[in-house]
Amino acid sequence: MLKTNAMRILENAQVEYEVYEYPPPAQLDATTIAQTIDKPVEQTFKTLVTQAPTQQHGFEHFVFVIPANAELSVKKAAVAAGVKNLEMLPLKKLLPLTGYVHGGCSPVGMKKNFPVFIDETAVLFDTIYLSGGKIGLTLALNAEALASGIGATFADLTL
């Protein structure tokens, strides 16, 4: 198995992880992936990239990691990020901005270091599951170790 950027960065940060490889399901959403790897949906997290308009730069970008079965509260996310408003990044901008495709987007190893916020429910579990940086690859790791390794912040992010 070839290592992804996410895996290399986690190793450099001394964050332990386990790898789950699987044939990609037809539907590339986190709930389906949780079922594919036979893990609880509330412990399986998805990575969402947002943008906030700024006067100087056009857009500022933020990354949110939330449970597969939850919906991002844009208001709570904006408060966590310290901005007035946020919107989801248009899908066509995901690959050029992050280096990741839909269904394989990891909060670790994007082209730039964007602020990352992890839903506070992640700390309820010893292990969470999230994309390893490519379709068909999920990583199992401790949320607090992840946050420490990548400088992420925990916040209340869901509806």
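The values are calculated or read from the model by the stated rules, or taken from the named source; none is laboratory data. None of the values given here were measured: they were computed from a predicted structure. For neighbour counting, all protein chains shown are included, and Cβ atoms are generated from backbone atoms with ideal geometry for every residue, glycine included. Only protein heavy atoms, including side chains, enter the accessible area calculation; ligands, DNA and RNA are left aside. Shrake-Rupley method; radii C 1.70, N 1.55, O 1.52, S 1.80 Å.
Odds and ends about this structure:
- The label-point distance for S148 and K112, in a model that sets each label 7 Å from Cα toward Cβ, rounds to 2.9 nm.
- Helix-only CD estimate at 222 nm, as mean residue ellipticity for the chain, using -39500 (n - 2.57) per DSSP H run (n ≥ 4): -6000 deg cm²/dmol
- Residue of F62, F125, F117 that the Gaussian network model of the chain assigns the largest fluctuation, springs spanning Cα pairs under 10 Å: F125
- Global geometry of segment 118-159, whether rounded, prolate or oblate, following the gyration tensor of its Cα atoms and the 1.5 cut on a/c: prolate
- Comparing V49, V123, V65 in a Gaussian network model of the chain where C-alpha atoms under 10 Å apart are linked, the largest mean-square fluctuation is found at V123.
- Furthest towards positive pole of dipole, L89, T32, P53, structure part segment 29-90, Cβ charges: P53
- Couplings 3J(HN,Hα) for segment 3-10, derived from phi with the Karplus relation 6.51 cos²θ - 1.76 cosθ + 1.60 (θ = phi - 60°), are 7, 8, 4, 4, 5, 5, 5, 4 Hz, where x marks Gly and Pro.
- Here the chain is treated with +1 on each Lys and Arg Cβ and -1 on each Asp and Glu Cβ, and its dipole about the Cα centre works out to around 720 debye.
- Comparing mean-square fluctuations of L72, L124, L28 from a GNM of the chain with C-alpha springs under 10 Å, the top value falls on L124.
- The Cα atoms of the chain define a convex hull whose projected area, averaged across directions, is 8.8 nm².
- Solvent-accessible heavy-atom area per residue, rounded to whole Å², over the chain at 1.4 Å: 52 Å²
- Portion, in percent, of the accessible area of segment 25-159 that falls on carbon or sulfur, probe 1.4 Å: 52 percent
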